[in-house]
1. Could you give the angle, 0 to 90 degrees to the nearest 10, between helix 141-152's Cα long axis and the longest principal axis of the Cα atoms of the chain?
2. Work through the residues other than residue 157 whose Cβ is under 15 Å from its Cβ and net out their charges, Lys, Arg +1 and Asp, Glu -1.
3. Taking 8 Å as the Cα distance limit and 6 or more residues as the minimum spacing, I'd like the relative contact order of region 32-155 as a percentage.
4. For a test of the definition: using alpha carbon positions, the gyration tensor, and the 1.5 limit on a/c, classify region 32-155 as rounded, prolate or oblate.
5. Only helical DSSP H runs with n ≥ 4 go in: add -39500 (n - 2.57) per run for the chain, normalise by residue count and round the 222 nm mean residue ellipticity to 500 deg cm²/dmol.
6. Under 5 Å between amide H atoms, partner at least 5 residues away or on a different chain: which partners does residue 66 have, H built in plane at 1.01 Å?
7. So how much slack lies between residue 153 and residue 74, counting 0.36 nm per residue of separation and subtracting their Cα-Cα distance, in nm?
8. Looking at this model, which pairs from 48/86; 50/86; 92/149; 36/84 are more than 21 angstrom apart at the alpha-carbon?
Amino acid sequence: MNPWHKPLLAVALPIFACALSAQVLSRPTVGLDLAKKIAERAEAEAAKNKWTMVIAVVDNGGNLVYLERMDGTQLGSIELAQAKAKTALEFKRPTKTFEDQVAGGRNAIISIHNVISIEGGLPLIVNGEVVGAIGVSGMKSDQDGVVAKAGTEALSPP
């Protein structure tokens, strides 16, 4: 090894390590325990109303953390619940916003890639930051919205 390599490595490695650590971000996200609590609240609301639902909770990257399909819920609601959650996460707003825009005549909304313009998806917000989202499907869209809202109440202090 060239005698100059060791001193160069001694200088270069700490600089590289500092540059790399400056690029790493840390953001709060939904973990499994919280996702289960959110789904539990949502399921309780659905059961109270005798509605069968699929409840999907995604983390801040849109990855599925928890999915529950209540007995008797149609299979098509599995993908739809996940898509509602991802739409709410990616656009940081309820999917009802898009449903209302389409109902109001703004049909261009339906051309936006991966947007589900049906109520039932809500971002999960903690301390002003989106940490994930919930998507619910199985009944009429307004009923899906009621159940999703109940799930978000797991984020409120008791």
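Read-outs: derived from the displayed coordinates by stated rules, not from any lab. Model, not experiment: these values are computed from the prediction. Virtual Cβ from ideal backbone geometry, glycine too; neighbours counted across all protein chains shown.
1. With rounding to tens, the tilt is 50 degrees.
2. +1
3. 32 percent
4. In terms of gyration-tensor shape, oblate.
5. Taken over the chain, the calculation gives -15000 deg cm²/dmol.
6. Under 5 Å from the amide H of residue 66: 57.
7. Stretched fully, the residue 153-residue 74 segment lengthens by 25.9 nm.
8. With Cα atoms farther than 21 Å apart: 48/86; 50/86.
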